[in-house]
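**Q** Please see the structure below; I have some questions.
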Amino acid sequence: METCTKVTKEWLNTQEYREKNFAREKLVINPAKACQPLGALLCALGIEASLPFVHGSQGCAAYFRSTLSRHYREPVAAVSDSMTEDSAVFGGQSNLIEGLKNANALYSPKVIAMFTSCMAEVIGDDINAYLGNAKEQEAIPKDLPVALANTPSFKGSHITGYDTMLKGLIECLAVPRQEGKINDRLYVVPGFDTYTANLREYKRLLKVMEAPFTLLPDQSDVLDAPNLGTYELYPGGTPITEMNEALNAGSFLFAQTYSTPTTRKYLAGKEVPVEVISMPIGIGGTDKFIEAVAKFTGKEVQKEITIERGRSIDAMTDAHQYIHGKKFALFGDPDVLMGVVSFLLEMGGEPVHIVCTNSTPLFKKAMESMLEASPYGQGATLYAGKDLWHLRSLLVTEPVDMLIGDSHGKWAARDANIPLVRIGFPITDRVNLHRYPIIGYSGVINMITMIVNTFLEEVDRNSPEAYFEMMR
């Protein structure tokens, strides 16, 4: 039996198996994505006194909450109307109405953010009609805002659900745009971003640049609350008053391209000015963010920002020799991959394997264009729609020096005997990484620190006595 297992393991590492693995068409093994409702839940948590409401089974709600809780190591508040087999046959209206009544009575939210799971979508529940009936029956007050999002788990991914929920929240809470009431605020949308430190870094940079802004949504205090001895159900979020004025924004700035297309289209249809940039990771990405904010404010870039930029470039200069020429494999969401690959190219790193399960044609075109434009991207291949079992075959047949991705990559990294630097979502086997920004100029320094120190730790761990030195 041991001999058979050994032979099988060895075969899994061969080019022959890689070809069979990549011939798969219907079977997906460990995709690098989650389902839509999880993204909707994250988005809903970022609004002041918002209660996420899952129209679906209790087990689905538990999965979404536990996944976020394991990443943030924080409690995640959400309710469900607990659809069961009866609901699958007769529809979920009675569950929804009773659930809304109980949720409002127990938790007194300022807004309920309702989204669906597979069961409700498969049977075709009309949540808009059900909501109308709930208010007619006085299960909840008629003036209680309830944002709706259809988020079937069997299509799209977590970033799709985030986008759909964000559009639903703006539709529900924002008053119509009126030319005489346009405000001077820049509404900054971070996109599906699970780094609370990133959200705080956006706010810090915007304050330094003296920009009147609203971060929408803002989960930073909700999912990284201080421990003061008492539990607060609604510790932060984008203020409802600023949500009300969202369509009267001076402009919207989207800091991710591929997680927000539905919301951007909706805003453009309401004649709201919209600008979209890549996630501000690396020097080039952060420069574009700073330039966009400076253009909105009409002010010169502050000296403090210029000094921060210079400090990050100094850090790059100090450490470039440890990354230059190294080969990398990466997996994750489109926006994060665009940013991290861009950063590696700036450092002279060489991406080789890039796996994006929830890729889109626009992302594929943009990534391949960026790789083609850099001398360090010539050996890279984007594997759109592939999963982590495909990635394992790539790592064992075409080795690289490091894997970058979330905690799910640790098995492939171990099989390939290479280090894993954890960037992305979820990160469940390391602590506090979401408290270190990867965006902005400080994010440049943090990523250099993570990647280079991981390489140096490997050097020390494997060095013979004669080369075990203080200086690296």
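The values are calculated or read from the model by the stated rules, or taken from the named source; none is laboratory data. Quick caveat, the model's predicted, so the values are computed rather than measured. Don't worry about glycine lacking a Cβ; one is built from the backbone with ideal geometry, like all the others, and counts go over all protein chains shown.
**Q** Can you name every residue in the stretch 438-449 that is out of contact with any Phe, Trp or Tyr (no Cβ under 8 Å at 6 or more places or on another chain) and aliphatic (A, V, I, L, M)?
**A** Ile445, Ile448
**Q** For the stretch 126-152, what are the residues that are crowded, with 23+ Cβ neighbours inside 10 Å and under 27 Å from Val28 (Cβ atoms)?
**A** Across the stretch 126-152, the qualifying residues are Ala149, Thr151.
**Q** Report whether or not Gly99 is surrounded by fewer than 20 Cβ atoms within 10 Å (Cβ to Cβ) and within 27 Å of Lys135 (Cα to Cα).
**A** no
**Q** Further question: Out of all the residues in the stretch 216-250, which are of a type in the set (Ser, Thr, Tyr), more than 20 Å from the chain's Cα centre (by Cα) and crowded, with 18+ Cβ neighbours inside 10 Å?
**A** Selection gives Tyr234 alone.
**Q** Quick one: in the stretch 318-336, of everything that is of a type in the set (Phe, Trp, Tyr) and part of a strand (DSSP E or B), which residue is surrounded by the most Cβ atoms within 10 Å (Cβ to Cβ)?
**A** Checking each candidate, the answer is Phe331.
**Q** So which residues in the stretch 1-45 are part of a helix (DSSP H, G or I) and of a type in the set (Ser, Thr, Tyr), if there are any at all?
**A** Across the stretch 1-45, the qualifying residues are Thr3, Thr5, Thr8, Tyr17.
**Q** Only one of Leu267, Leu253, Leu247 is closer than 26 Å to Val111 by Cβ, in contact with an Asp or Glu (Cβ under 6 Å, 6 or more places away or on another chain) and either assigned to a strand (DSSP E or B) or at pLDDT 95 or above (or both); which?
**A** One residue alone meets the criteria, Leu253.
**Q** Only one of (1) part of a loop (DSSP other than H, G, I, E, B); (2) at pLDDT 95 or above is not met by Gly161, so which one is it?
**A** Against the list (1) part of a loop (DSSP other than H, G, I, E, B); (2) at pLDDT 95 or above, Gly161 comes up short only on (1).
**Q** Just checking, how many residues over the stretch 455-469 are surrounded by 12 or more Cβ atoms within 10 Å (Cβ to Cβ) and aromatic (Phe, Trp, Tyr)?
**A** Of the residues in the stretch 455-469, 1 are surrounded by 12 or more Cβ atoms within 10 Å (Cβ to Cβ) and aromatic (Phe, Trp, Tyr).
**Q** Considering each of Tyr187, Tyr258 in turn, give the residue that is assigned by TED's automatic domain parsing to the domain that holds Lys295, crowded, with 21+ Cβ neighbours inside 10 Å and in a strand (DSSP E or B).
**A** Tyr187
**Q** Under 8 Å between Cβ atoms, at least 6 apart or on separate chains: pull out the pairs that start in the stretch 337-352 with a residue that is buried (at least 24 other Cβ atoms within 10 Å of the Cβ) and end on any residue that is of a type in the set (Asp, Glu).
**A** Leu344/Glu350
**Q** List the helices (runs of 4 or more DSSP H) inside the stretch 63-132, counting only whole elements, that have at least 3 residues being within 29 Å of the chain's Cα centre (by Cα).
**A** Helices (runs of 4 or more DSSP H) meeting the threshold: 93-107, 118-123.
**Q** If you don't mind, another one. Among the residues of the stretch 289-306, how many are loosely packed, with under 14 Cβ neighbours inside 10 Å and either over 16 Å from Lys207 (Cα atoms) or touching an Asp or Glu at 6+ places or on another chain (Cβ under 7 Å) (or both)?
**A** Result for the stretch 289-306: 1.
**Q** Can you name the condition, by its number, that Ala384 falls short on among (1) over 16 Å from Met279 (Cα atoms); (2) out of contact with any helix residue (DSSP H, G or I) (no Cβ under 6 Å at 6 or more places or on another chain); (3) without any contact (Cβ under 8 Å) to a residue 60 or more places away in the chain?
**A** It fails just one condition, (2).
**Q** Got a number for residues in the stretch 131-144 being touching a residue at least 40 places away in the same chain (Cβ under 8 Å) and either in contact with a Leu (Cβ under 7 Å, 6 or more places away or on another chain) or aromatic (Phe, Trp, Tyr) (or both)?
**A** Result for the stretch 131-144: 2.
**Q** Does the stretch 110-129 contain at least one residue that is among the aromatic types (Phe, Trp, Tyr) and within 26 Å of Glu48 (Cα to Cα)?
**A** Among the residues of the stretch 110-129, at least one is among the aromatic types (Phe, Trp, Tyr) and within 26 Å of Glu48 (Cα to Cα), which makes the answer yes.
**Q** Can I ask one more? List pairs: first residue in the stretch 355-373 and of a type in the set (D, E, K, R), second residue modelled with pLDDT of 95 or more and not in a helix (DSSP H, G or I) anywhere in the structure, Cβ distance under 7 angstrom, at least six positions apart or on different chains.
**A** Lys364/Leu382; Lys364/Ala384; Glu368/Leu382
**Q** Taking Tyr231 as meeting all but one of (1) in a loop (DSSP other than H, G, I, E, B); (2) in contact with a helix residue (DSSP H, G or I) (Cβ under 8 Å, 6 or more places away or on another chain), write down the number of the exception.
**A** (2)
**Q** Given the conditions (1) of a type outside the set (Gly, Ala, Ser); (2) in a helix (DSSP H, G or I); (3) farther than 28 Å from Thr67 by Cβ; (4) not assigned by TED's automatic domain parsing to the domain that holds Ile438, which single one is not true for Glu275?
**A** The number of the failed condition is (2).
**Q** Tell me which residues, restricted to the stretch 195-215, are surrounded by 24 or more Cβ atoms within 10 Å (Cβ to Cβ) and assigned to a loop (DSSP other than H, G, I, E, B).
**A** Within the stretch 195-215, Tyr195 is the sole residue that qualifies.
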